[in-house]
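Notes for the one structure printed next.
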Amino acid sequence: MFIAQELRKSNIAEYLLYMWQVENIIRAFDCSLSRIRKEYIERFDYDEEQKEELTDWYGNLIRMMNQEGCREQGHLQINKVVMQQLQELHAQLLSSPKFPFYNAEYYKVLPYIVELRNRGADKDENEVETCFNSLYGVMMLRLQKKDITANTDHAIKEITTFIGMLSDYYKKDKEKPLEFE
C-alpha cells in the first residue's frame, strides 16, 4: 500500500506493474486475508499500525477481486482504468504533431509489438497493454532467475524507454494538462 501510493504519484507505469504483482501475490495466497497477514505481511518490519493498514488494504483488494471476478486471472477495474488512461494518452500523443520524440520512440518499438503479437500475445489488447505484459513477463522471469535472451533483453530495454516516456507524459498531463493541438 505504501509503495503503491508513492508509485502512483511518481511513476504510473511502475505503479501498474506493482499492482499486477500485488494481484498475483493475493492469488498466490488463495485470496485469503488471514494467510496474507500471517505468511506475508508479518515478514515486513512494520509497526502494528502499519501492518493493520496494510491488512485493510489487502482486504479491500481481495473484496474487489471477488466482486469483479478476477480471483483466478485478469486485473482489477482500478488497474484497467489506469491502463485505459494510458492508452488514451498514447493515442493523443501519436495524433499530435507536438510530440515527435514520442512518435519516433513508438515507431522504434512497433516492430517488437508486432513480433510479440506474432508469438502469441493477445491481438485484441491495445499496444500499450502488450508492452506492459511483456515488461511484466520479463520481470517475473528475472524474479525466478531465468535466462533472458539478448534479443529479448534488447526489446525490453526499448519497450522500457517507450513506456517510460508515456509514464512521464502521464505525470506531466496530471500536473498541468498537455496541449495536443
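Checking each residue in region 11-20 for being assigned to a helix (DSSP H, G or I) and either modelled with pLDDT under 95 or touching a Lys or Arg at 6+ places or on another chain (Cβ under 8 Å) (or both) picks out 12, 15.
Taking the criterion of being aliphatic (A, V, I, L, M) and open to solvent by less than 40 Å² (accessible area, probe 1.4 Å), the residues of region 145-159 that qualify are 155, 156, 159.
In region 44-65, the residues that are in contact (Cβ under 8 Å) with a residue 24 or more places away in the chain reach residues that are among the β-branched types (Val, Ile, Thr) and assigned to a helix (DSSP H, G or I) with C-beta atoms within less than 7 angstrom, at least six apart or across chains, in these pairs: 54/41; 58/26; 58/36; 61/22; 61/26; 62/26; 65/26. The numbered conditions (1) open to solvent by 30 Å² or more (accessible area, probe 1.4 Å); (2) more than 30 Å from residue 172 (Cβ to Cβ); (3) assigned to a helix (DSSP H, G or I) are all true for residue 8 except (2). When region 160-181 is filtered for residues that are in a loop (DSSP other than H, G, I, E, B) and crowded, with 16+ Cβ neighbours inside 10 Å, only 178 remains. Those residues that are open to solvent by less than 60 Å² (accessible area, probe 1.4 Å) and not β-branched (Val, Ile, Thr), I need them from region 53-72; list them, please. Listed by number, the residues that qualify are 54, 57, 58, 59, 61, 64, 65, 70.
To keep it simple, each residue is scored yes or no on (1) of a type in the set (S, T, N, Q); (2) within 25 Å of residue 22 (Cβ to Cβ).
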site	(1), (2)
87	yes, yes
97	no, no
116	no, yes
140	no, yes
149	yes, no
155	no, no
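Criterion applied to 127, 105 was being touching a residue at least 60 places away in the same chain (Cβ under 8 Å), touching a helix residue (DSSP H, G or I) at 6+ places or on another chain (Cβ under 6 Å), of a type outside the set (Val, Ile, Thr) and surrounded by 15 or more Cβ atoms within 10 Å (Cβ to Cβ), and the one residue passing it is 105.
In region 23-32 there is at least one residue that is without any contact (Cβ under 8 Å) to a residue 12 or more places away in the chain, farther than 26 Å from residue 169 by Cβ, part of a helix (DSSP H, G or I) and more than 16 Å from the chain's Cα centre (by Cα).
The values are calculated or read from the model by the stated rules, or taken from the named source; none is laboratory data. As the structure is a prediction and not an experimental result, all values here were calculated from the model. Neighbour counts are summed over all protein chains in view; Cβ atoms, including those assigned to glycine, are modelled from backbone coordinates with ideal geometry. Quick note on the areas: whole protein, heavy atoms, side chains included, nothing else; ligands and nucleic acids left out. Shrake-Rupley method; radii C 1.70, N 1.55, O 1.52, S 1.80 Å.
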